[in-house]
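The values are calculated or read from the model by the stated rules, or taken from the named source; none is laboratory data. Here the structure is a predicted model, which is why all the values come from computation and not from measurement. Note: ideal-geometry Cβ built from the backbone for every residue, glycine included; neighbour counts use all protein chains shown.
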Amino acid sequence: MSAQTIFDKAPIGAIVAWSDGTPQPPARFNKKLASWRTSNSSGRLIRKQGARGIGNISLSASFTLHEADFGGGGVIAIRVHRTFSLESRLQFTLVERPANGSVRVFDRAGDDAELVYLATGEADAREWLTRHGYPGAVLEHVTADEVGADSVEGRTAA
């Protein structure tokens, strides 16, 4: 599916994979494999931003995926996010929708909100918030309507 379809149909919290269509190189080619993974990976959809303008500059709509965390000892040192423009030529696949009854934890209210945690339920979300702060956090329940929307672009989605 296209980036536009992901932007329009995929719910925040979904797992989305992207690919440039090239075959994966053998594992023994470390540099080629690392380069291939730049255009072929997956992540959790954490943000959608509509088109916006800053002065004379016009920015197209985009979405952001959380690809990975790196760190140790329970401390995240680096968080990898990928932002894709709706003009991206990559192909996207909706791998997994958030489960019915799960709770999205956003860092703040409004259009610029970003998903910081996908909890299994409200108790899990509140417990996570006690450990992680986010004083302006907003909780949003995943509804059955979102989970039941299994037809995207005429195909069955995960």
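From the set of residues in the range 118-138 that are in contact with an Asp or Glu (Cβ under 9 Å, 6 or more places away or on another chain) and surrounded by 19 or more Cβ atoms within 10 Å (Cβ to Cβ), which is farthest from Trp18 (Cα to Cα)? Write out each step before concluding.
At the first step, the residues of the range 118-138 found to be in contact with an Asp or Glu (Cβ under 9 Å, 6 or more places away or on another chain) are 119, 134, 136-138.
Restricting the remaining residues to those that are surrounded by 19 or more Cβ atoms within 10 Å (Cβ to Cβ) gives 119, 137.
On the way: Ala119: 24, Ala137: 29 Å.
Step by step, filter the range 118-138, then rank; the result is Ala137.
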*Select from the range 94-106 the residues that are buried (at least 16 other Cβ atoms within 10 Å of the Cβ), of a type outside the set (Phe, Trp, Tyr) and within 14 Å of the chain's Cα centre (by Cα) and list them in ascending order.*
Leu94, Arg97, Pro98, Arg104, Val105
*Pair list, Cβ < 6 Å and 6+ apart or interchain, from the range 127-138 residues that are within 17 Å of Asp111 (Cα to Cα) to residues that are part of a helix (DSSP H, G or I) and not polar (S, T, N, Q)*: Ala137/Leu129
*Entirely in the range 17-79, the strands (runs of 3 or more DSSP E) that have 1 or more residues that are basic (Lys, Arg) and surrounded by 11 or more Cβ atoms within 10 Å (Cβ to Cβ)*: 41-49, 52-54
_With the structure loaded, tell me whether Arg44 is at pLDDT 95 or above and in contact with a strand residue (DSSP E or B) (Cβ under 7 Å, 6 or more places away or on another chain) or whether it fails that test._
yes
_Filter result (free of Cβ contacts under 8 Å to residues at least 24 places away in the same chain and in contact with a helix residue (DSSP H, G or I) (Cβ under 8 Å, 6 or more places away or on another chain)) within the range 5-25_ = Thr22, Gln24, Pro25
*asked:* Let me spell it out: the conditions are (1) farther than 21 Å from Arg89 by Cβ; (2) without any contact (Cβ under 8 Å) to a residue 12 or more places away in the chain, and Arg44 meets all of them except one. Which number is the exception?
replied: (2)
